[in-house]
Amino acid sequence: MWITKYTHACVRLEHDGRVLVIDPGIWSEPAALTGADAVLVTHEHADHIDVLRLAGLGVPVYAPVEADIPRLEVTRVSCDEEFIAAGFRVRAVGGRHALVYGGQPDCANLGYIIDEAIYHPGDSLHVPKQPIATLLVPVQGSWMKTAEAIDFVKAITPQRAFAIHDAQINDRGLSSVNGWLTEETNHGYQYLRPGESVGLGSGTAALGDE
């Protein structure tokens, strides 16, 4: 399986000719959706879903049952629901967006576990009960701090972790965050720049560029 990171929280998974894209937002590159067979959306915020782009794509889009996503036909998904998307086995976990201040925002957010191995949490730090081999870890946001990202990786104990949710932090900030996560966790943390791909198999990862 190949994972390609795109800007912010967008990730593309490819296996045996099948393509599943997670959280293609307004900041992510259009190339992320080229040849996509299905799309998973963790929540309704524009940095995670580009409604106009998806409306013209014509492929199945899966989103939380409580998400407010007008002008786009989606398949509604509930917490703990299991389903098949683009041939990948998916289980939805979590349920709510992490809070920023004063109880806001309070919207639905589902994390997705793909093929019992890859976990994209969206805008939350929900720790699932099952083992996770590959964690996509948010590294910056108004709703979190670096210490929480470190604790999130340590709580899940994956074989490897890749950064997501990073578009609002400059290169100096990225260097600091990546340094802390590399130093404080022992779970194969790596930073992928937009367009970089990783091939997963037999517990190893091989880097490449699209």
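The values are calculated or read from the model by the stated rules, or taken from the named source; none is laboratory data. As the structure is a prediction and not an experimental result, all values here were calculated from the model. Backbone-built Cβ (ideal geometry, glycine too); neighbour counts: all protein chains shown.
Okay, here's what the table says:
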quantity	calculated
Residue among SER197, SER175 that is small (Gly, Ala, Ser) and in contact with a Gly (Cβ under 6 Å, 6 or more places away or on another chain)	SER197
Matching residues, the stretch 92-130, being among the small types (Gly, Ala, Ser), out of contact with any Gly (no Cβ under 9 Å at 6 or more places or on another chain) and either in contact (Cβ under 8 Å) with a residue 60 or more places away in the chain or under 20 Å from ALA161 (Cα atoms) (or both)	ALA117
Entirely in the stretch 134-210, the strands (runs of 3 or more DSSP E) that have 2 or more residues that are modelled with pLDDT of 95 or more and surrounded by fewer than 18 Cβ atoms within 10 Å (Cβ to Cβ)	196-201
Hits in the stretch 36-71 (condition: in a loop (DSSP other than H, G, I, E, B) and either among the polar types (S, T, N, Q) or over 17 Å from GLY122 (Cβ atoms) (or both))	ALA36, ASP37, THR42, GLY56, LEU57, GLY58, VAL59, PRO60, PRO70, ARG71
Of the criteria (1) buried (at least 19 other Cβ atoms within 10 Å of the Cβ); (2) more than 14 Å from the chain's Cα centre (by Cα); (3) not β-branched (Val, Ile, Thr), which one HIS48 fails	(2)
Filtered residues of the stretch 5-24 (kept if more than 10 Å from ILE164 (Cβ to Cβ), in a strand (DSSP E or B), of a type outside the set (D, E, K, R) and under 11 Å from the mean Cα position of the chain (by Cα))	LEU13, VAL21
The stretch 84-124, residues that are closer than 25 Å to LEU52 by Cα and surrounded by fewer than 14 Cβ atoms within 10 Å (Cβ to Cβ)	ILE84, ASP106
Complete set of residues in the stretch 1-27 that are within 24 Å of SER124 (Cβ to Cβ), without any contact (Cβ under 8 Å) to a residue 60 or more places away in the chain and out of contact with any helix residue (DSSP H, G or I) (no Cβ under 9 Å at 6 or more places or on another chain)	GLY25
Residues that are at pLDDT 95 or above, of a type in the set (Gly, Ala, Ser) and over 18 Å from the mean Cα position of the chain (by Cα), drawn from the stretch 51-81	ALA55
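The rows are residues; the columns are (1) touching a residue at least 12 places away in the same chain (Cβ under 8 Å); (2) in contact with an Asp or Glu (Cβ under 9 Å, 6 or more places away or on another chain); (3) under 11 Å from LEU40 (Cα atoms).
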| residue | (1), (2), (3) |
| --- | --- |
| ILE69 | yes, yes, no |
| PHE83 | yes, no, no |
| GLY87 | yes, yes, no |
| VAL90 | yes, yes, yes |
